[in-house]
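First up is the structure itself, then whatever we jot down about it.
The values are calculated or read from the model by the stated rules, or taken from the named source; none is laboratory data. The structure displayed is predicted, hence computed values, not measured ones. Neighbour counts are summed over all protein chains in view; Cβ atoms, including those assigned to glycine, are modelled from backbone coordinates with ideal geometry.
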Amino acid sequence: MNKTNIYTSITFAPVQGFIEKSRKLRDLYGASLILSYLSQRLVKEFHKPPELEVISPASHNLQKGMPNRILIKGEVSKGDAEIILLSAWKNILQVCRTWVERKLPDYEYHWEREWTLWGSHTWEVFQGSGHSIKAAMDDLETRKLSRAWSAVNWIGESSSLTGTDAIAFPGLGAQTRNPKNMNYHSENDSIKGFYTQLARKLDNCPPEKEPEGKYIAPNEKLSIPELVKRLITLPEIADLISETRPDNQPLEKLKRFQEIERKPQPNKKKPGQWTGWFMGDGDKVGDHLKKIADENHSDRKIETFSEAMRKWGEEFEQNFPEDLGRVVYAGGDDFLGIIYSKNPAEPIQPLTAYQWLRALNDKWQEHQQPITVSVGFVWVAGSVPQRDVLQHCREAEKLAKSSGRNRVTIRVVFNSGQYVQWTCPWDYLDILTKYRDRERKSNWSHVYQDLAHLESRRTFKIENAREAYIVKKSAIEFFELYFPGEGQKLLDDKDDKLAKHLAGFSDNDDAIDRAKAIIDWMTDLIQVGWHLCSNT
């Protein structure tokens, strides 16, 4: 068999789970750093023309945003991929563990076995192969259906971040830790003391002062992977990992990382600043790649696609306005960023965030590839826990996907945890700018108050199929009063083509569901528009 006629597709898991177990931005940043590092190690090892050639991802020397799905022209075994990936991961673990033990030498460490177990049980590698790119990709998807991942057993309490894994502390693997006679209170004091000392070292804090918790808060209790995600964002540790790489290439030049100041200090009476969080992902990228794989010269076309998306992600991050916020990661077709003010006393206005969001789809199309994007955008009050904010982002993005893709879900989240949201196709997002009140101005209080009054009287409530058309017509006529011409388009929409595009209902929905969907779309628009565009 000629190996040059074989294509190999490789990925590893759990990527989403590794990213989602995040409380701070530093967790996300560290997770994306690790994933990019592991992917690049695979790419570097398997790109050895002419025997082996990595087709995707392109830009092999650009580590940041390196995708975890790798397409190779040539034959590569699953075993070879596992050796490379696990070796790189174990190297990270070794550097982090050694650094902690060296910086805190007064502890007696019993945790080496647990670090070794995490080295072998964190990742699972999947490999597919075939005589065409499509065959290799299909084989990979089939093999991913069979999982062989196993968890690490442990005793005692679980981490304070996810609550699913053991707390990393010096006595984790001690022989004396018997569940029958463990003194959890005493062990808890020991864990707290360890994390306080570790936080001091990371913050370079004198013994007499309380650490700021830039890397780890003294009251946190992290598992080994969670601890590693924090530690790897320390430039000193990143440099140590780089020194042990085969090509001595830097892990990634780390910028000075700072958490966002959203909540004021307890002695301040000012509320926390509102911030905007956006999470986006390309639509049906896998289907697009499979379509390319069926075409002639598919190798080059996939490489071109990968180059375009990686270049877009790099430029999107580099060119993001510094006075508007920052991009946490941009891996080509998926990205996460925050709109916020570096001076909480002068927060970014919601209208400014909306105006930026309106231009995002045009920015996305600069890669000139035939794929759309779905985005979750969360405008959130300052006291909502960051872990909850990230969960809201994921839910908003998923809703944009499930509502028809090529759209954005805007969710406004209050300190109470309650929220209002609205999902809209990109080509209709500017409809908020078309609002006119009774005086032909843009005071959103008028429509907001009128809507509240009508909803209190259950005006838009549909009880049966006979009422569906009448109630929907009344709601659209109300909408026309404040959005001249836009309501009329829906009244003229006899086959519900526009309504389906806006509200995202399916052909299988009945008249009641269709009417409710378009009414909800209009009322959600007003709720969100009042919070983002109101001048009162």
Study note, to complete from the structure: All-but-one check, ILE431 against (1) more than 18 Å from PHE335 (Cα to Cα); (2) under 19 Å from the mean Cα position of the chain (by Cα), failing number (2)
Check your understanding: Could you give every pair whose Cβ atoms fall below 7 Å, whose first residue belongs to the range 290-318 and is closer than 29 Å to ILE339 by Cβ, and whose second residue is of a type in the set (Asp, Glu), counting only separations of at least 6 or pairs across chains?
Key -> MET309/ASP333; TRP312/GLU366
Practice item. Within the range 397-413, identify whether any single residue is within 30 Å of ILE260 (Cα to Cα) and over 20 Å from the mean Cα position of the chain (by Cα), and answer yes or no. Key: no
Point to revise | Condition check for LYS473: without any contact (Cβ under 8 Å) to a residue 12 or more places away in the chain, more than 30 Å from GLN386 (Cα to Cα) and either outside the structural domain of ALA400 (by TED's automatic domain parsing) or among the basic types (Lys, Arg) (or both) | key: no
Check your understanding: So is LYS500 closer than 27 Å to LYS401 by Cβ, surrounded by 15 or more Cβ atoms within 10 Å (Cβ to Cβ) and basic (Lys, Arg) or not?
Key -> yes
Practice item. Please tell me if LYS363 is in the same structural domain as PHE305 (by TED's automatic domain parsing) and farther than 30 Å from ASP513 by Cα. Key: yes
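Being surrounded by 18 or more Cβ atoms within 10 Å (Cβ to Cβ), modelled with pLDDT of 95 or more and either outside the structural domain of ILE339 (by TED's automatic domain parsing) or part of a loop (DSSP other than H, G, I, E, B) (or both) is the requirement here; does ILE371 meet it?
Details: surrounded by 18 or more Cβ atoms within 10 Å (Cβ to Cβ): yes; modelled with pLDDT of 95 or more: yes; either outside the structural domain of ILE339 (by TED's automatic domain parsing) or part of a loop (DSSP other than H, G, I, E, B) (or both): yes.
Spelling it out, ILE371 is indeed surrounded by 18 or more Cβ atoms within 10 Å (Cβ to Cβ), modelled with pLDDT of 95 or more and either outside the structural domain of ILE339 (by TED's automatic domain parsing) or part of a loop (DSSP other than H, G, I, E, B) (or both).
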Practice item. Would you be able to say whether some residue in the range 439-455 is of a type in the set (Gly, Ala, Ser) and either closer than 19 Å to ILE512 by Cα or in a helix (DSSP H, G or I) (or both)? Key: yes
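Residue-by-condition table, conditions (1) in contact with a strand residue (DSSP E or B) (Cβ under 7 Å, 6 or more places away or on another chain); (2) surrounded by fewer than 16 Cβ atoms within 10 Å (Cβ to Cβ); (3) within 24 Å of GLN449 (Cβ to Cβ); (4) modelled with pLDDT of 95 or more:
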residue	(1), (2), (3), (4)
GLN488	no, yes, yes, yes
ASP496	no, no, no, no
GLY504	yes, no, no, no
ASN508	no, yes, no, no
ILE519	no, no, yes, yes
THR523	no, no, yes, yes
GLN527	yes, no, yes, yes
ASN535	no, yes, yes, no
Practice item. Might you check whether a residue that is of a type in the set (Asp, Glu) and either in a helix (DSSP H, G or I) or within 30 Å of HIS288 (Cα to Cα) (or both) occurs anywhere in the range 383-394? Key: yes
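Listed residues LEU336, LEU251; which is at pLDDT below 85 and not β-branched (Val, Ile, Thr)?
On the way: LEU336 fails: at pLDDT below 85.
Answer to the selection: LEU251.
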**Study point:** Residue satisfying all of: in the range 68-116; without any contact (Cβ under 8 Å) to a residue 24 or more places away in the chain and not in a helix (DSSP H, G or I); surrounded by the fewest Cβ atoms within 10 Å (Cβ to Cβ) among these
**Key:** ASP106
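Could you check how many residues of the range 1-58 are among the small types (Gly, Ala, Ser), assigned to a strand (DSSP E or B) and surrounded by fewer than 19 Cβ atoms within 10 Å (Cβ to Cβ)?
Keep residues of the range 1-58 that are among the small types (Gly, Ala, Ser), which gives 9, 13, 17, 22, 30-32, 36, 39, 56, 58.
In the following step, the residues that additionally are assigned to a strand (DSSP E or B) were identified as 9, 13, 56.
Now restrict to residues that are surrounded by fewer than 19 Cβ atoms within 10 Å (Cβ to Cβ): 13.
So the answer is 1.
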Practice item. Select from the range 324-365 the residues that are without any contact (Cβ under 8 Å) to a residue 12 or more places away in the chain and of a type in the set (Asp, Glu) and write down the one among them that is farthest from GLU261 (Cα to Cα). Key: ASP362
Review point. Which of (1) surrounded by fewer than 19 Cβ atoms within 10 Å (Cβ to Cβ); (2) under 25 Å from the mean Cα position of the chain (by Cα); (3) in contact (Cβ under 8 Å) with a residue 24 or more places away in the chain does ASN464 not meet, given it meets every other one?
Key: (2)
Study note, to complete from the structure: Residue hits (the range 472-486; surrounded by 19 or more Cβ atoms within 10 Å (Cβ to Cβ) and within 14 Å of LYS516 (Cβ to Cβ)) are LYS472, ALA475, ILE476
Exercise for review: Report yes if ARG41 is in the same structural domain as HIS131 (by TED's automatic domain parsing), at pLDDT 90 or above and over 20 Å from the mean Cα position of the chain (by Cα), otherwise no.
Suggested key: yes
Exercise for review: Check the range 354-365 and report whether any residue there is modelled with pLDDT of 85 or more and within 30 Å of HIS131 (Cβ to Cβ).
Suggested key: no
